[in-house]
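I have placed the structure first, in the form of structure tokens, so that the comments after it can refer back to it.
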Amino acid sequence: MTGYEPILTKHLGQPGSATLAYYLSNEGYKAARSAVRDMDRSQIIQTVKESGLQGRGGAGFPAGVKWSFIPQNSKKPKYLINNADEGEPGTFKDRLLINHNPHQVIEGMIIAAKAIDCHLAFIYIRGEFVKEARVLETALDECYNNKILGKGIFNSKYNLDIIVHRGAGAYICGEETGLIESLEGKRGWPRIKPPFPAIEGYLGCPTVVNNVETLANVPHIIANGGQWFRGIGANPESPGPKLYCVSGHVKKPGVYEGPCGTELTTIIYDWAGGIRDDNKLKAVIPGGSSSPVLKANEIDGLKMDFPSVQAAGSMFGSAGIIVMDETTDMVQACYNLARFYAHESCGQCTPCREGTTWLIKILDRFTKGQGRQEDIDLMLDVTDNIGGLIDLSYGSFGKTICPFGEAVSWPVRAMVEKFRPEFESYLTEKVTG
Ligand SMILES: Cc1cc2nc3c(=O)[nH]c(=O)nc-3n(C[C@H](O)[C@H](O)[C@H](O)COP(=O)(O)O)c2cc1C
Ligand code: SF4
């Protein structure tokens, strides 16, 4: 991390870092105060556009551009939803930001809300995050008691309320339209897009959904300017500070902050201490479980930003880096992954509902030594029919209502294609209980 000073996690571990008093004594809410009192909506949006901030929830959509889609002449109320569902396996950064510095996240929400003329915002938090929900409630109470939320915030004419809404623990409720359905009190079934939430979101009104980490970046952009942010990292097209979650077979798993564009090998070997027991690296999932696996020989020199990881045939996603050493059984890893997706499919679309179940049936017989030679190509065929070929251009999307279809089929396909001999060996050699 030479020369890089943490921005998002600067106060992590300091006593009282979650309190308003601590936050205010460290320049807290200065950016929100100036955004609310001195900036108009277009100035805020322009600054965030200039920064190049891309969504940290997985898809990397530019935040300022998303905010600009909200139709300002619409008479309907506008809503902001902070997506704190964080269900992607391998991803555990948002809860850290909330636990240690909830006011940074709330400040980002106030600025985003002002930018889209929203007066009621939500934090949709995963049901299991009981502690985090309490931390947020406490922080919001502190804000209400200090005129940072409520009516006439920062002694302006601007009103804003924020409500914490606890989900019930379904991965699909992290997908923005499933989330909106759930927030409306319905089953978390994703909606067909278009219309996108910016036009018809919560209660049919214009809505922005942003990830926790995305919003945590916003106060720093307003305080330091868009150009400052764009200068952080290796690539001005995909800039900014980034939280990398490292799990799996490393010596020091955890969340590491560094600039976008940090080399994956630096994160794994220098920050996370290298591979456990000094084993050889076998493969890495770079961006949470939905991203296609990369083999050890594909990560040399790979920079961790949206375009670079895409060019390498995978996805930057949520930067949930799952490291697998030489002892990893890829068939079991694939089975494990497929079981998660089959369990979490919401069941609306036939290719996803039936396809995920079919995949685990095939993988189940593989692990029991009952696999058939034709099963390997059958798995590839099933993944193609759920989510299309691994082609990260937008044209390949669209066989299912939501991108969950791609999220299951791309990683399974990559594992089968890249480690085919291991699957074949199960036909002749390996049988587990
Ligand atoms: C199956 C699925 C699960 C998702 N889970 C999350 C999640 O837990 N948190 C999140 O921020 N985004 C998640 N997303 C992405 C959201 O749909 C949405 O793109 C994101 O919240 C937008 O915020 P951003 O632009 O700030 O990244 C998920 C997407 C899919 C398809
Ligand atoms: S792709 Fe899967 S998770 Fe998404 S709407 Fe269809 S069935 Fe539900």
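May I ask you to list the residues in the stretch 153-174 that are within 16 Å of ligand 1 (Cβ to nearest atom), surrounded by fewer than 18 Cβ atoms within 10 Å (Cβ to Cβ) and in a helix (DSSP H, G or I)? Scanning the stretch 153-174 gives no hits. The lone criterion from (1) in contact (Cβ under 8 Å) with a residue 24 or more places away in the chain; (2) more than 16 Å from ligand 2 (Cβ to nearest atom); (3) surrounded by 14 or more Cβ atoms within 10 Å (Cβ to Cβ) left unmet by Gly13 is number (3). With the condition kept exactly as written, say whether any residue in the stretch 348-362 is more than 16 Å from ligand 1 (Cβ to nearest atom), on the phi < 0 side of the Ramachandran plot and not in a helix (DSSP H, G or I). No, there is no match, as no residue in the stretch 348-362 is more than 16 Å from ligand 1 (Cβ to nearest atom), on the phi < 0 side of the Ramachandran plot and not in a helix (DSSP H, G or I).
Looking at the stretch 35-53, which of its residues are crowded, with 16+ Cβ neighbours inside 10 Å and out of contact with any Gly (no Cβ under 9 Å at 6 or more places or on another chain)?
Step one: filter the stretch 35-53 for residues crowded, with 16+ Cβ neighbours inside 10 Å, giving 35-36, 39, 41, 44-53.
Matches in the stretch 35-53: Ala35, Val36, Met39, Arg41.
How many residues, within the stretch 123-135, are crowded, with 24+ Cβ neighbours inside 10 Å and not acidic (Asp, Glu)? Give the derivation first.
Of all residues in the stretch 123-135, those crowded, with 24+ Cβ neighbours inside 10 Å come to 123, 125, 132.
If we keep only those that are not acidic (Asp, Glu) as well, we get 123, 125.
So the answer is 2.
Among residues of the stretch 291-315 being out of contact with any Lys or Arg (no Cβ under 9 Å at 6 or more places or on another chain) and open to solvent by less than 10 Å² (accessible area, probe 1.4 Å), the one that is farthest from Gly55 (Cα to Cα) is Ile299. One residue stands out in the stretch 92-121 among those that are of a type in the set (A, V, I, L, M, F, W, C) and under 30 Å from Pro411 (Cβ atoms): the one that is surrounded by the most Cβ atoms within 10 Å (Cβ to Cβ), namely Ile98.
Note on the stretch 335-355: among residues that are near ligand 2 (Cβ under 10 Å from one of its atoms) and polar (S, T, N, Q), the one that is least open to solvent (accessible area, probe 1.4 Å) is Ser345. Taking the numbered list (1) in contact with a strand residue (DSSP E or B) (Cβ under 6 Å, 6 or more places away or on another chain); (2) within 16 Å of ligand 1 (Cβ to nearest atom); (3) acidic (Asp, Glu) in turn, Asp305 passes all entries but (1).
With Pro77, Pro62, Pro89, Pro71 as the choices, which residue is assigned by TED's automatic domain parsing to the domain that holds Gly178, open to solvent by 10 Å² or more (accessible area, probe 1.4 Å), at pLDDT 95 or above and within 16 Å of ligand 2 (Cβ to nearest atom)?
Answer to the check: Pro89.
Residues in the stretch 363-379 that are at negative phi and either among the small types (Gly, Ala, Ser) or within 10 Å of ligand 2 (Cβ to nearest atom) (or both): Gly371 alone.
Can you go through Gly178, Gly261, Gly254 and tell me which one is more than 18 Å from Lys93 (Cα to Cα), open to solvent by less than 40 Å² (accessible area, probe 1.4 Å) and among the small types (Gly, Ala, Ser)?
Just one listed residue meets the conditions, Gly178.
Condition check for Arg339 on (1) modelled with pLDDT under 95; (2) farther than 18 Å from Arg420 by Cα: one failure, at (1).
For the stretch 212-251, give me each residue that is in a strand (DSSP E or B) and either open to solvent by 20 Å² or more (accessible area, probe 1.4 Å) or more than 30 Å from Lys399 (Cβ to Cβ) (or both).
If we filter the stretch 212-251 for residues that are in a strand (DSSP E or B), which is where we start, we get 241-248, 250.
The answer is Pro241, Lys242, Leu243, Tyr244, Val246, Ser247, Gly248, Val250.
The values are calculated or read from the model by the stated rules, or taken from the named source; none is laboratory data. Since this is a predicted model, take the numbers as computed values, not measurements. Backbone-built Cβ (ideal geometry, glycine too); neighbour counts: all protein chains shown. Keep in mind that these areas ignore ligands, DNA and RNA; they rest on the heavy atoms of the full protein, side chains included. Shrake-Rupley method; radii C 1.70, N 1.55, O 1.52, S 1.80 Å.
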